[in-house]
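What follows is a short report on a single structure.
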Amino acid sequence: VAAQRIASLLLYFPSDDPHKFAIVHRVFGASNVSKMLQELPVQQRADAVSSLVYEANARVRDPVYGCVGAISYLENQVSQLQMQLAVAQTEMLCIRMQQESALPMPMPTQMQQDDKSFLAATNNLDNISQYLNFASSSSSSNVIQDPSALKRESLWT
């Protein structure tokens with residue numbers, strides 16, 4: 001039985017990359033890993049080993065949170081980037097509206113209610129721009145300004 005377990009581990013932990021087995025063994029134990037793999041269908045075992053290696057690396061880097069810490073960090077980063085995108089899209093909309101308001105518009109004798117609303121909105125572009133400038137400056141401390149400054153590490157190694 002022990003020989004079968006060792007043989008099954010050799011399939012998923014090749015000898016040319018001993019670090020993967022060493023870290024998984026250190027975090028989970030070879031016996032536990034072997035048992036987990038035996039309980040899975042053969043077609044899922046390679047993915048399970050990849051997940052175990054990932055989790056083991058994350059657990060070594062952050063013994064308390066492991067993968068959850070990495071996931072939380074990435075979710076926060078996505079949220080910040082979505083906020084930056086929303087601000088940029090709003091700024092683009094304001095620029096388009098300013099450009100459209102700068103074009104000469106024929107004025108009909110009787111304006112529709114929608115036209116009046118549009119003109120009122122274009123007259124308030126300065127207020128929108130001020131709001132955007134405030135939003136951009138007040139949130140700059142929470143938003144990643146230089147994405148290249150982020151630490152990039154692979155949890156797979």
Discussion item. Condition first: part of a helix (DSSP H, G or I) and in contact with a Lys or Arg (Cβ under 6 Å, 6 or more places away or on another chain). Can you find one or more residues in segment 51-67 that meet it?
Written reply: yes
Contact list, first residue from segment 75-94 and open to solvent by 80 Å² or more (accessible area, probe 1.4 Å), second anywhere and of a type outside the set (S, T, N, Q), beta-carbon distance below 8 Å, six or more apart or interchain, is LEU81/ILE144
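Within segment 9-42, count every residue that is in a loop (DSSP other than H, G, I, E, B) and of a type in the set (D, E, K, R).
Applying the first criterion (in a loop (DSSP other than H, G, I, E, B)) to segment 9-42 yields 13-17, 29, 40-41.
Subsequent filtering for residues that are of a type in the set (D, E, K, R) retains 16-17.
Final tally of qualifying residues: 2.
The values are calculated or read from the model by the stated rules, or taken from the named source; none is laboratory data. If you're wondering where the values come from, they're calculated on a predicted model, not measured in any experiment. Backbone-built Cβ (ideal geometry, glycine too); neighbour counts: all protein chains shown. Heavy atoms of the whole protein, side chains included, go into the accessibility calculation; ligands, DNA and RNA do not. Shrake-Rupley method; radii C 1.70, N 1.55, O 1.52, S 1.80 Å.
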